[in-house]
Amino acid sequence: MKGGGDQVLRGLYIAASGMLNEERRLDVIANNIANADTTGFKRAVPVAEAAFSLVLRRVGDGPAAPVIGELGVGGPLTAAVPAMVQGGLRATGRALDLALVGEGFFVVQTSAGVRYTRDGSFSLDREGYLVTADGHRVLGTAGPIRVGSGQVAVTADGEVLVDGRAAGRLRLAAFPAEIRLAREGDNRFRAPEGSVERQAQATVRSGYLELSNVQPVREMVDMIAVMRAYEASQRAVRAHDETLGQAVNEIARF
């Protein structure tokens, strides 16, 4: 009976773990849908650790208890990795609306340090510097880019011209595939400590904004699949709980 009870508890824990995983997956999908109209947003993909197993030994045989098998406990979701797939472009006609075609990010100076974004809805601050929608200065290869009050144009290779004269060049950064950027608020990313950026191979389109790469229909289909998986794990928890209750009642009779 003890062995049966242990099996029920293990099954209960595994089913509950499945429910937690699906709940985290649902949170990621909901965030994707909420940002379907966010400029330059990259949909997040839930990532699970490699599945692992626990070694089971026979109870009561001391330290040298023989192995009777393994118990798979599944892989927990540990991260939501952004899918760096190109989004569509929307024409705006504004010279300071910029979109990247290809890899990489615009580089922004924030109070927390250098950050990276695909959102190119830029404007000018009171001092004439190129800034993001929330007021952080956009970095060029030589620091923040001061535009002033002249006629602005941005070339395909990122050079910023004011009245036909060069005012700076956008710093376009990319990272090796193995570098995983951390998503932060306000549609920005943070690079891991010690990582080295390189020049992005991208084309700048002035007068355009990059759309989110979220496909709402796909996300809704994924949401339905997650909800069904959650319900299946929930039914498993309920079944194990009922079995455990029956076992307790039977023990009480003796």
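What is the distance in Å between the Cα centroid of the range 11-46 and that of the range 89-122?
The range 11-46 and the range 89-122 have Cα centres separated by 26 Å.
Please list, in order along the range 77-86, the HN-Hα scalar couplings obtained from phi with the Karplus expression 6.51 cos²θ - 1.76 cosθ + 1.60 (θ = phi - 60°), rounded to whole Hz, x for Gly and Pro.
Karplus-based 3J(HN,Hα) across the range 77-86 equals 6, 10, 7, 10, 8, x, 8, 7, 9, 4 Hz.
So for the pair Ala166, Ile68, with labels modelled 7 Å out along Cα→Cβ, what separation do we get in nm?
Here the answer is 7.6 nm between the modelled labels.
Mind listing the phi-derived Karplus ³J(HN,Hα) values for the range 174-185, rounded to whole Hz, using 6.51, -1.76 and 1.60 with θ = phi - 60°, and x for any glycine or proline?
9, 9, x, 4, 7, 7, 9, 7, 8, 6, 10, x
Can you list the residues, at least 5 places off or on another chain, whose amide H is less than 5 Å from the amide H of Val214, using H built in the peptide plane?
Hits under the 5 Å cutoff: Arg43.
Taking amide H atoms as placed 1.01 Å from N in the peptide plane, list the residues 5 or more away in sequence, or in a different chain, whose amide H sits under 5 Å from that of Gly158.
Distant-sequence amide H within range of Gly158: Val204.
According to a simple spin-label model (label point 7 Å from Cα along Cα-to-Cβ), what is the distance in nm between Met227 and Thr38?
Modelled inter-label distance: 2.3 nm.
For Ile179, project a label point 7 Å along Cα to C-beta. Then give me every residue of the range 202-237 with its amide nitrogen under 18 Å of that point.
202-203
In degrees between 0 and 90, to the nearest 10, how far off the longest principal axis of the chain does helix 216-252 point, with axes built from Cα atoms?
Its long axis makes an angle of about 20 degrees.
Among Phe106, Leu211, Ile224, which residue has its Cα positioned farthest towards the positive end of the charge dipole of the chain, with +1 placed on the Cβ of Lys and Arg, -1 on the Cβ of Asp and Glu, and the dipole taken about the Cα centre?
My answer, from the dipole projection, is Phe106.
Mind listing the phi-derived Karplus ³J(HN,Hα) values for the range 130-144, rounded to whole Hz, using 6.51, -1.76 and 1.60 with θ = phi - 60°, and x for any glycine or proline?
Ordered by residue, 3J(HN,Hα) equals 6, 9, 6, 4, 9, x, 8, 6, 7, 8, x, 5, 10, x, x Hz.
Against the longest alpha carbon principal axis of the chain, how many degrees, from 0 to 90 and to the nearest 10, is the axis of helix 2-34 turned?
Here the helix axis deviates by roughly 20 degrees.
With each label point set 7 Å from Cα along the Cα-Cβ vector, what nm distance links Val101 and Thr243?
5.9
What 222 nm value per residue comes from the helices of the chain, counting each DSSP H run with n ≥ 4 as -39,500 (n - 2.57) and dividing by all residues, nearest 500 deg cm²/dmol?
Only helices count here, giving -10000 deg cm²/dmol.
Rounded to a whole number, what is D in µm²/s for the chain from Stokes-Einstein with the Kirkwood radius over alpha-carbon pairs (20 °C, 1.002 mPa s)?
The Stokes-Einstein estimate is 98 µm²/s.
Rule-based calculations on the coordinates, nothing more; no lab input. Treat the numbers as computed from the prediction; the structure is a model and nothing was measured. Here Cβ is always computed from backbone atoms with ideal geometry, including for glycine, and neighbour counts include all displayed protein chains.
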